[in-house]
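Read through the structure below, which is laid out as structure tokens, and then see the notes.
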Amino acid sequence: MQFSFLNRVGSALQQKHNPLPLAVDFLIRLITVVIATGFVYLWGYLPAQRNNTHSDVLLINASTIAAANAGKPFQMAHPEEEGRYLLFNEVAAGQYDAGLPILLAFTSIAGDALLGSDHNISNNTVYHLLFGLFVVTALLFAFPNIPLVLSIASIVALTFSMAALPFPYDGFAINYWGSNYAAILLGVWIATRFATSSLRKELPFLAGLGTLLSLTQFLRQESLFMSYAVFFCLFVATWTVALIFLLRHLRSLEHPWRLPIIQVAKRISLSVLILLFFLQLGPQLLTLAFAASWNRPFNESQATAHDNGHNLYLGLGYVLNPYNIAWRDNVSEAHLWLVDYGASISDGGNQRAMRGEWFRITLADPATLVRNLAAKFLVLQHLIMKISVVRWFLIPGIPLIMLAAIGLITRRPRLDTFLTWMGFVGLLMAGAATPMIIYPSYHFGYQGSLLATIFLFPTALWVLHRHLPETSLGLSVRQTQQTLRMTWVFILTQTLFLGALVILFVSVQEQRQQEELDHLLNQNPRDAIEEHGYRFGHFFNRMTKEQQQNIIEQLQLAEAVWLFDSAEDPVPYFRPILLVPSAQQVHLIVWLGDLHITPDPGLLPATAYFIRLCPDCTNYPLFIENSPYDFRDETIVRDVQGVHDNAWNDQYRMFSFAVSAEQPSPEAWGVGLQRLLYHERPSFHLILENVSSSISAYQATNPLP
């Protein structure tokens, strides 16, 4: 008698026969939520709050709290200027992850409405909000229409992500965790696609999931890319299988569009559309809240969004490249007006310009992208393996689960099993893509995709094989086998075809790059610089040292060129050679000697040295403005270029600077080399020291055409 309840619990977990009464099922879900909440409270929330572990890198949380307590929600107090408040979209031109500040502002508004205007928020509110986000998500995962075992697995995965990962990867440490959280949400969406029978019954669940996913794009911007990638993967996979079946059996079917597999494909499509609706709705509602709070028109209250053009461009600079790109915000800012003169950060013009330049470079020179991806993949594995739970639990488990799933699909073929497998493969690829395309340290989404796959994928397979009928999506075993066989062949051939196409494309573009370089070598270099502007430097930096010396010798005899004889305080590893003007640009050729820079895992590859260009002076500022609270077009420093840490290899190199056409012709140009010392707080300026200074010895007669 005493075992009958446990036996019924076991049957309920299998969801096959004799399920538990609804009350008992609800009780199990509730107990799971309570246990998980208690664990997160004791092992995550309390220690984080006690030790104040959350990293507020740009002081955006503290500034939001100060402004909210002054009665100015959706604004930030300037950390250096008392009494000055900035709107959310005025900080860093609105191009940052504002998820927590947004939640803090809404909390302040709600507190004032419920508790009176004397209500204040504090730094502890950050921890309250994160803990509350966990509780809300856990309750959503306990949604009764989700199979019980999947509900429990989802809550366990979320709990592990929130409190079981070591600092600084847990949910209370830094806003980067937002992409980890997004991966868990996406994993739950994939796991439940074929385990629920009615889209109408799960609409409340999808609405809640869509709302939380919409929030993640503000917590961490790469969450948006992950969502789109996973949606695309499962959508394409489902319709590919459905269309392959239709093509195979079209003649023998009377009403093909009424088949269960087509209905499932439609249901997947509708769920994708619902989630996309919420992803797009979030920024619109936030803009509406900004407009109401600031008393501004809707079209002047743009929601904050990190965007991706800036980071995509900098991501090409992880390895040494001919484009003078390195991982430092100021590098992209200094290059902006070279790419698109006059582009403004206030309307997102910088993001559009740098995104366009990223596409131009990757299409013209895909080998640079490939080298970056390969280097960052190796570093990503090194970084991820430093996390003990990842090294001993997640990484070994993933290949075992994936191979076991393939074996299961082969032995007991089911289309829903195969499509679930495809969904989690897409999630893993999306999680790994961001750190490989952008920067390896941004691997929180990758961690989340590993967690989701470990906890949710086996559970989803178990539910599919224990709960659903033996027939797969309404097809017979033979039809399933035939469809899967054709699908595997299609995937294999397409993978081989795309791989071959990529290799061919890289080879062709490399050949074109060499042909263009050969063409430039036969041109007058002064005319070529005038024609190509900063892009001439991209080819110059590809040349051999002998070819570079030949170009330099020709330029030294050309008109409108500044020459440098010697430095006022020379160093053995840096020497400016000459400077060439062109329309709204000047181009500096320097020699970079052998210099070993001690690697800093937190910064490299980056820029430990900067080159300054100063008309008629050698008095260089000892800092670079870098404050997000004073980030405007007029504060961007354009007379400085970062030197990639791996560029010190006894080569010449050309750097380009944007200059105004209205700038008067200088009598001389000063060139300085500066070394980065540290980031100043709270201004966030880069503090530098002078290393070398030179002044041009020859005045051109027509410096700026």
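The values are calculated or read from the model by the stated rules, or taken from the named source; none is laboratory data. All of these numbers come straight from a predicted model, not from anything done at the bench. All Cβ positions, even for glycine, are placed from backbone atoms using ideal geometry, and neighbour counts span all protein chains on display. Accessible surface areas use protein heavy atoms only, side chains included; no ligands, DNA or RNA. Shrake-Rupley method; radii C 1.70, N 1.55, O 1.52, S 1.80 Å.
General observations
- Percent carbon-and-sulfur accessible area, region 380-484, ignoring ligands, DNA and RNA, probe 1.4 Å: 68 percent
- If you look at the Cα atoms of region 88-189, you get an Rg and a Dmax of 15.9, 46 Å.
- Whole-Hz couplings from phi, Karplus 6.51/-1.76/1.60, listed for region 205-213; x for Gly and Pro: 5, 5, 5, x, 5, x, 4, 5, 5
- Accessible surface of residue 510, taken over heavy atoms with a 1.4 Å probe and every protein chain present, rounds to 70 Å².
- Globularity index of the chain, i.e. its alpha-carbon radius of gyration over 2.2 N^0.38 Å: 1.09
- Relative contact order %, the chain, counting alpha carbon pairs below 8 Å whose residues are six or more apart: 15 percent
- On Cα atoms only, tilt of 60-69 relative to the major axis of the chain in degrees: 80 degrees
- Order of exposure, largest accessible area first, which applies to 329, 118 with probe 1.4 Å: 118, 329
- Net charge dipole size for the chain [Lys, Arg +1 and Asp, Glu -1 on Cβ; Debye, nearest 20]: 4580 debye
- Measuring only protein heavy atoms, the 1.4 Å probe finds residue 269 accessible over about 20 Å².
- Using θ = phi - 60° and Karplus 6.51 cos²θ - 1.76 cosθ + 1.60, couplings along region 104-111 (whole Hz; Gly, Pro as x): 5, 5, 5, 4, 5, 4, 5, x
- Between 0 and 90°, nearest 10: helix 222-249 axis offset from the chain longest Cα axis: 60 degrees
- Accessible area, probe 1.4 Å, largest first, for residues 553, 90, 222: 553, 90, 222
- Ratio of Rg to Rh for region 315-377: 0.98 [Cα atoms; Kirkwood radius as inverse mean 1/r over pairs].
- The residues of the chain have, on average, 43 Å² of accessible surface per residue, using a 1.4 Å probe with all protein chains present.
- The heavy atoms of residue 114 offer some 140 square angstrom of accessible surface to a 1.4 angstrom probe.
- Within-15-Å neighbourhood charge of residue 145 [Cβ basis; K, R +1; D, E -1]: +3
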